[in-house]
1. Here are some values of semi-axes √(5λ) of the Cα gyration tensor in Å: [x] 38, 25, 22; [y] 41, 23, 20; [z] 39, 31, 22. Which one was computed from this structure?
2. How would you rank 21-31, 234-244, highest first, on the average number of other Cβ atoms within 10 Å across their residues?
3. May I ask you to give the solvent-accessible area per residue for the chain, in square angstrom, as obtained with a 1.4 angstrom probe?
4. Could you look at region 311-434 and say what percent of its accessible area is carbon and sulfur, using a 1.4 Å probe and all protein chains?
5. With a 1.4 Å probe and all protein chains kept in place, how much accessible area does Trp402 have, in Å² rounded to the nearest 10?
6. For region 61-67, take each phi angle, set θ = phi - 60°, evaluate the Karplus expression 6.51 cos²θ - 1.76 cosθ + 1.60, and give the result in whole Hz per residue in order, putting x for glycine and proline.
7. Which pairs, out of Lys324/Lys410; Lys319/Lys410; Lys242/Lys319; Lys79/Lys111; Lys163/Lys398; Lys55/Lys163, put more than 23 Å between their alpha-carbon atoms?
8. Rounded to a whole number, what % of the accessible area of region 4-125 do carbon and sulfur atoms account for, probe 1.4 Å?
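The values are calculated or read from the model by the stated rules, or taken from the named source; none is laboratory data. The structure displayed is predicted, hence computed values, not measured ones. Reconstructed Cβ throughout: ideal geometry from the backbone, glycine too, with neighbour counts over all protein chains shown. To get the accessible areas, we keep the full protein, side chains included, count just its heavy atoms, and leave off ligands, DNA and RNA. Shrake-Rupley method; radii C 1.70, N 1.55, O 1.52, S 1.80 Å.
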Amino acid sequence: MLTGAKMSQTKNDSYPIRSRITCPHCWSIFPVENILWISEAPDLMGDSRLGESDKERFLPVQFDLAGNAMDRRGFHCKKLACPYCHLQIPRSFLETDSFFVSIAGAPGSGKSYFLTAMTWNLRKTFPSNFSMMFSDADPEMNARLLDYETSQFMNDDESATVKIEKTQEQGDLYNSVLVNNQNITYLQPFLFSLTPTSDHPNIENRSQISLSLSLYDNAGESYLPMRDSDSASLPVTRHLGKSHCIFFIYDLIQDSRFRSLCRNESNDPQLQKDTFEAFTRSPLRQEMVLSEVIKRTRSEMGLHSRDKYPYPFIVVVTKYDAWKELLPTFRERNPWARAFKSQKIIFLDNMVQMASLTLRSLLKKVLPEMVTQIEDFASNVTYIPVSATGGPPVFNEKTQEWGFRVNSLKSIWVEVPLLYAISQTTHGIFQHEK
């Protein structure tokens, strides 16, 4: 038994413990020696901040030979927690840099479908094309997203239709913490680890190029002006000021000007008035959500009105399959099809930038006010067309609901926004071709 041992003394040198950690829940930054452990003893229930149903958190004084803390009943513990909010932190966050991504958009814009298809595809795309493993940092924390992936992509009944329920403003995606006798509600992020495989050209620098990824997805209603979701007791959108990239999800079908343009080119039922009202219509105008995202980001980051957002701002334009005829020059092939190894870097080719320019030109013609507002806010803006489903919804007579048929799901470019964001903001994993 080791008394007062540091975890860094027992960890593999290829992944040294970081000296300071950022909590993915409350964004507190603290020295690694302050991290708490979660008790394993069955009778050590009740935590001062999380309540009687959670295991006790503690600062250890004894460790076993593997570097794991021992609780006061002598049980060997493996789970860690933030010293401020007491919420669980995956061990990978102690070993690698953190990369936070905010996903914002109006209700009905397709955020949940996009997020589900993106993570599902990245599990295959990263190892097969970029020699990187994309895995859950903790499957328990990603349970909701894993359920979504299973219903869409691992459904035994290929003729079934699936429908992802919209993200709610309460429930299992939120955590309540008692701080100074005040309840604070934090959004539960989806947490992933990105690590190089043995054939990565920079494998000798594995600790420098590995990432701990946090994805934040709010209900669109959280961005209503004057909503309490930007308060000290409910800071569920304050990740906007902490993130290294913002994905703004924009649904062209929600704009009547685009629906008019598309009706002569597409038979997608979402473009028809009755179906649109039932399936897609949002109670919030998308430009209002965009304005609120910009306002809150400026406030959280302390940006003045003339300051530009310093990180990538990616406009993810969803449901591309319904309006693809308006973008005839866009080619749907994978932008990593020409990925090659040179000077120990894997490259993402410049098709993303070309697609962005083409889509920007279309948006500028029909939505000039939106393009102007975004580019006045951020200097690094990219417009990326995606389709999470690859086709239109169908009406299920049995359930009397609209959904997507499992055997026809074929996503388009859903991996590209995150691949591009990483290529713009990190080094050594892969870069964007100039």
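1. [x]
2. The most tightly packed comes first, giving 234-244, 21-31.
3. Per residue, the chain has 44 Å² of solvent-accessible surface.
4. Carbon-and-sulfur percentage of accessible area, whole number: 50.
5. 60 Å²
6. 10, 10, 10, 8, 5, 7, x
7. Lys242/Lys319; Lys79/Lys111; Lys55/Lys163
8. 50 percent
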